[in-house]
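Q: Once you've had a glance at the structure underneath, I'll fire off some questions.
The values are calculated or read from the model by the stated rules, or taken from the named source; none is laboratory data. What you are looking at is a predicted structure, and each value in this text was computed from that prediction instead of being measured. Note that we place each Cβ from the backbone using ideal geometry, even for glycine, and neighbour counts take in every protein chain shown. Heavy atoms of the whole protein, side chains included, go into the accessibility calculation; ligands, DNA and RNA do not. Shrake-Rupley method; radii C 1.70, N 1.55, O 1.52, S 1.80 Å.
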Amino acid sequence: LWEKVFDEDARKRFISNISGHMENCTEKEIIRRQIGIFREVSEDLASRLEKATGEKGHDGISGLTFNGTVNGMTKDAKLRPAANGVNKKGVNGAPLSGAHPQLVAQTA
């Protein structure tokens with residue numbers, strides 16, 4: 001959408017909309033990470049968000065870890081496991097069987 005569908009006015013509206021919502025976030029690291037995610041779409045998009053928010057975003061997400069999910073975009077195997085210790089092949093961060101107590105319906 002950013003490069004092939006949006007015209008310049010649509011891009012300006014999009015940046016205004018997204019950066020306006022980012023202003024509600026008090027954690028600057030979240031804004032930097034979000035800009036890094038947008039950088040995976042387009043360097044131009046990320047640069048405009050940096051200018052609008054005043055925050056320098058990450059260079060992308062390949063060097064980041066995410067709590068609860070596996071970063072499939074990294075080439076560094078040490079960053080593939082989620083921050084919560086998921087390190088088994090094929091595990092996507094969802095709770096494993098038995099991780100939560102089963103709710104048993106009580107019969108009266």
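Q: Answer with yes or no whether Leu64 is modelled with pLDDT of 85 or more and either open to solvent by less than 50 Å² (accessible area, probe 1.4 Å) or part of a loop (DSSP other than H, G, I, E, B) (or both).
A: So Leu64 fails the test.
Q: Any chance you could count how many residues in the range 38-57 are among the hydroxyl-bearing types (Ser, Thr, Tyr) and open to solvent by 30 Å² or more (accessible area, probe 1.4 Å)?
A: Number of matching residues: 2.
Q: Checking the structure you have, find out if any residue of the range 93-104 is assigned to a helix (DSSP H, G or I), modelled with pLDDT of 65 or more and among the hydroxyl-bearing types (Ser, Thr, Tyr).
A: no
Q: Name the residue, out of Gly85, Gly54, that is at pLDDT below 85 and at positive phi.
A: After applying the criteria, what remains is Gly85.
A quick yes/no check of all residues on (1) modelled with pLDDT under 95; (2) assigned to a helix (DSSP H, G or I); (3) more than 24 Å from Asp76 (Cβ to Cβ):
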| residue | (1), (2), (3) |
| --- | --- |
| Lys4 | yes, no, yes |
| Ile15 | no, yes, yes |
| Ile18 | no, yes, yes |
| Thr26 | yes, no, yes |
| Ile30 | yes, yes, no |
| Arg33 | yes, yes, no |
| Glu40 | yes, yes, no |
| Asp44 | no, yes, yes |
| Gly60 | yes, no, no |
